[in-house]
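The values are calculated or read from the model by the stated rules, or taken from the named source; none is laboratory data. As the structure is a prediction and not an experimental result, all values here were calculated from the model. Virtual Cβ from ideal backbone geometry, glycine too; neighbours counted across all protein chains shown.
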Amino acid sequence: MYNHERPHEAPDLEVPGSRYQVSPRNFPESLPEYEYSSRFETRRTNPVGQFCFAGRVFKTSDAFQNDTIGLAPTNEPEVFEVYYRRFPIGLIDFNAPRSRITGRNRTD
């Protein structure tokens, strides 16, 4: 209601509601399942963004809850890149003292 009553700095001081248009594009309720290539091992995260890999539990972000992530080996032994769809989100280094996902530059 407020966007139909107050003046605004739009052309001719029109109210914001007069400028609103419904998008012509449809927005899906959920995204289709992503298909990782064969170079990845995939894991499904739980409701808090955790997953198991090589007998250890790792925590991603809550943003990845109940979704699939991909794990790709690197040129370094015991080091894997963690991906969400086509985006790299971190590294797992089994040589490190703690089981966790670190930033990609290893200074995190």
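When you go through (1) out of contact with any strand residue (DSSP E or B) (no Cβ under 8 Å at 6 or more places or on another chain); (2) touching a residue at least 40 places away in the same chain (Cβ under 8 Å) one by one for residue 46, which number turns out not to apply?
Of (1) out of contact with any strand residue (DSSP E or B) (no Cβ under 8 Å at 6 or more places or on another chain); (2) touching a residue at least 40 places away in the same chain (Cβ under 8 Å), only one is false for residue 46: (2).
With the requirement that a residue be within 22 Å of the chain's Cα centre (by Cα) and either modelled with pLDDT under 75 or of a type in the set (S, T, N, Q) (or both), what does segment 1-55 give you?
Across segment 1-55, the qualifying residues are 26, 30, 37, 38, 42, 45, 46, 50.
Considering only residues of segment 50-108 that are aliphatic (A, V, I, L, M) and part of a loop (DSSP other than H, G, I, E, B), which is nearest to residue 37 (Cα to Cα)?
Among them, the one singled out is 54.
With respect to the numbered conditions (1) modelled with pLDDT under 95; (2) surrounded by 10 or more Cβ atoms within 10 Å (Cβ to Cβ); (3) aliphatic (A, V, I, L, M), which one is the sole condition not fulfilled by residue 72?
Failing condition for residue 72: (1).
Being acidic (Asp, Glu) and assigned to a loop (DSSP other than H, G, I, E, B) is the filter here, so list the residues in segment 26-43 that pass it.
Residues satisfying the conditions are 29, 33, 35.
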